[in-house]
Amino acid sequence: MKAVVIREFGPPEVLHLERDFADPTPAPGEVTIAVHAVSVNRTLDLAVRAGTYVAPIRLPHIPGVDPSGVITALGEGVTERYIGERVVTLPWRTRPQGPLDALGIQHLGGYAELVKVPAKATAPIPDGLDFATATVVARHAPQAFNLLRDRAQLQSGEWVLVMGAAGGLGSAGVQVAKLLGARVIAAAGAPARVAAALGLGADYAIDYVQQDLTAEVLRITDGRGVNVVFENIAAPQLFAQAFHAIARHGRLVTAGSHGGGTVPLDVQRLYLYQIAVMGSIGFTESDVAFALKAAAEGRLRVLIDRVLPLAQAAEAHRLVASRAVTGKVVLDPTLK
């Protein structure tokens, strides 16, 4: 099969399209999928390729944590799936509990014509939903539900500040917060991204490059601050500004660190304002099914900047690294 293979860590140029990589054979409990879409993720793909991911990566390696496609083969004992079924994959091969045992990290991923995964780590794609959209929805929306509904326990009428609001997780956060009845302030780092977040339903938007994030949030909320910060950047200055925009008894939830990951924390404000800070990477199978159904019904949208063939994987990494795109970059192995 054709696959984008890493045989050494480094810049985007280490991503090589190979045309004779061994086809995967499904083991008992697994399925093989003909890949139609896989997204490019800053932390899980760019860091893996660079050799800076927190978990060890064995070479040669194929990146790609979230492929979707059509099942072409069933391993022994698989009864819940069928050949020809359209499915998304879940990044974690087992129930999500940490960064280990993940497709595209410890296991060969979806930058390829074929990928094998446990049948239990797949979910059917509803009719009418295209592969690229399904990939992005399954990758980010279940996580957003977990963070906002389950961890932050966001209530209807509360204020939520969504950081990186035009990114994959951020754009899902904007829409999930609205579905939960919240008033949403979207924060992004460029005028086009601010406009995109408003187009997804945010009530207000802030360009945190041009505006003072804390001051703007306090102005919009009449000085009260937000009940919840949905944080997925972890850039030191931005984190501090978002943290100081949290109201008393507020919550900050996070599942991202592409801005660095080490941030200052005002502990005095933490205890005086009785703020809770929570990180989570979990979600449930029902979250995946609900998100895909909502997308098929037009109640959940994704931002996709462009779809490229496998041969342009290195360019896709450069685009994502440059932050010059609005929304996700997706690879489609069926494109020539």
- How about region 263-293: which of its residues are more than 28 Å from ASP101 (Cβ to Cβ) and either surrounded by 14 or more Cβ atoms within 10 Å (Cβ to Cβ) or not β-branched (Val, Ile, Thr) (or both)? PRO264, LEU265, ASP266, GLN268, ARG269, LEU270, TYR271, LEU272, TYR273, GLN274, ILE275, ALA276
- One residue from GLN155, GLN143 being surrounded by fewer than 24 Cβ atoms within 10 Å (Cβ to Cβ) and either assigned by TED's automatic domain parsing to the domain that holds THR221 or under 30 Å from ILE220 (Cα atoms) (or both): GLN155
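This table checks each residue for (1) farther than 17 Å from ALA313 by Cβ; (2) surrounded by 22 or more Cβ atoms within 10 Å (Cβ to Cβ); (3) among the acidic types (Asp, Glu).
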{"site": "HIS16", "(1), (2), (3)": "no, no, no"}
{"site": "ASP23", "(1), (2), (3)": "yes, no, yes"}
{"site": "THR32", "(1), (2), (3)": "yes, no, no"}
{"site": "SER39", "(1), (2), (3)": "no, yes, no"}
{"site": "GLY51", "(1), (2), (3)": "no, no, no"}
{"site": "ILE57", "(1), (2), (3)": "no, no, no"}
{"site": "PRO60", "(1), (2), (3)": "no, no, no"}
{"site": "VAL65", "(1), (2), (3)": "no, yes, no"}
{"site": "THR72", "(1), (2), (3)": "yes, no, no"}
- Message: Could you check region 214-231 and list, in sequence order, the residues that are aliphatic (A, V, I, L, M) and in contact with an Asp or Glu (Cβ under 9 Å, 6 or more places away or on another chain)?
- Response: ILE220, VAL226, VAL228
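Looking at ALA102, ALA73, ALA27, ALA50, which is the one that is small (Gly, Ala, Ser) and in contact (Cβ under 8 Å) with a residue 60 or more places away in the chain? Please lay out each step first, then the result.
Details: ALA102 fails: in contact (Cβ under 8 Å) with a residue 60 or more places away in the chain; ALA73 fails: in contact (Cβ under 8 Å) with a residue 60 or more places away in the chain; ALA50 fails: in contact (Cβ under 8 Å) with a residue 60 or more places away in the chain.
Matching residue, one of ALA102, ALA73, ALA27, ALA50: ALA27.
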- Task: Residue by residue through region 313-336, note down the ones that are surrounded by fewer than 19 Cβ atoms within 10 Å (Cβ to Cβ), assigned to a helix (DSSP H, G or I) and either in contact (Cβ under 8 Å) with a residue 12 or more places away in the chain or in contact with a Cys (Cβ under 7 Å, 6 or more places away or on another chain) (or both).
- Result: ALA314, GLU315, ARG318, LEU319, ALA321
- Looking across region 200-225 at residues that are assigned to a loop (DSSP other than H, G, I, E, B) and out of contact with any strand residue (DSSP E or B) (no Cβ under 6 Å at 6 or more places or on another chain), the single one that is surrounded by the fewest Cβ atoms within 10 Å (Cβ to Cβ) is ASP222
- Please tell me if VAL115 is under 17 Å from ALA295 (Cβ atoms) and either in contact (Cβ under 8 Å) with a residue 24 or more places away in the chain or among the aliphatic types (A, V, I, L, M) (or both). no
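Considering ASP222, ASP212, ASP203, ASP207, which residue is assigned by TED's automatic domain parsing to the domain that holds GLN274, in contact with a Pro (Cβ under 7 Å, 6 or more places away or on another chain), modelled with pLDDT of 95 or more and acidic (Asp, Glu)? Spell out the reasoning first.
Numbers: ASP222 fails: in contact with a Pro (Cβ under 7 Å, 6 or more places away or on another chain); ASP212 fails: in contact with a Pro (Cβ under 7 Å, 6 or more places away or on another chain); ASP203 fails: in contact with a Pro (Cβ under 7 Å, 6 or more places away or on another chain).
After ruling out the rest, the residue left standing is ASP207.
Evaluate the following for ARG219: is it of a type outside the set (A, V, I, L, M, F, W, C) and in contact (Cβ under 8 Å) with a residue 24 or more places away in the chain? Lay out the reasoning, then the answer.
On the way: of a type outside the set (A, V, I, L, M, F, W, C): yes; in contact (Cβ under 8 Å) with a residue 24 or more places away in the chain: no.
Against the criterion (of a type outside the set (A, V, I, L, M, F, W, C) and in contact (Cβ under 8 Å) with a residue 24 or more places away in the chain), ARG219 does not qualify.
With a cut-off of at least 2 residues that are touching a Gly at 6+ places or on another chain (Cβ under 7 Å) and hydrophobic (A, V, I, L, M, F, W, C), name the strands (runs of 3 or more DSSP E) lying wholly within region 86-179.
Details: elements: 86-89, 114-118, 122-124, 159-163.
The strands (runs of 3 or more DSSP E) meeting that bar are 159-163.
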- Residue count for region 226-262, restricted to those that are of a type in the set (Ser, Thr, Tyr) and surrounded by fewer than 19 Cβ atoms within 10 Å (Cβ to Cβ): 1
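The values are calculated or read from the model by the stated rules, or taken from the named source; none is laboratory data. Note that the structure is predicted; figures quoted are calculated from it, not measured. Cβ coordinates were reconstructed from backbone atoms using ideal geometry, including for glycine residues, and neighbour counts include every protein chain displayed.
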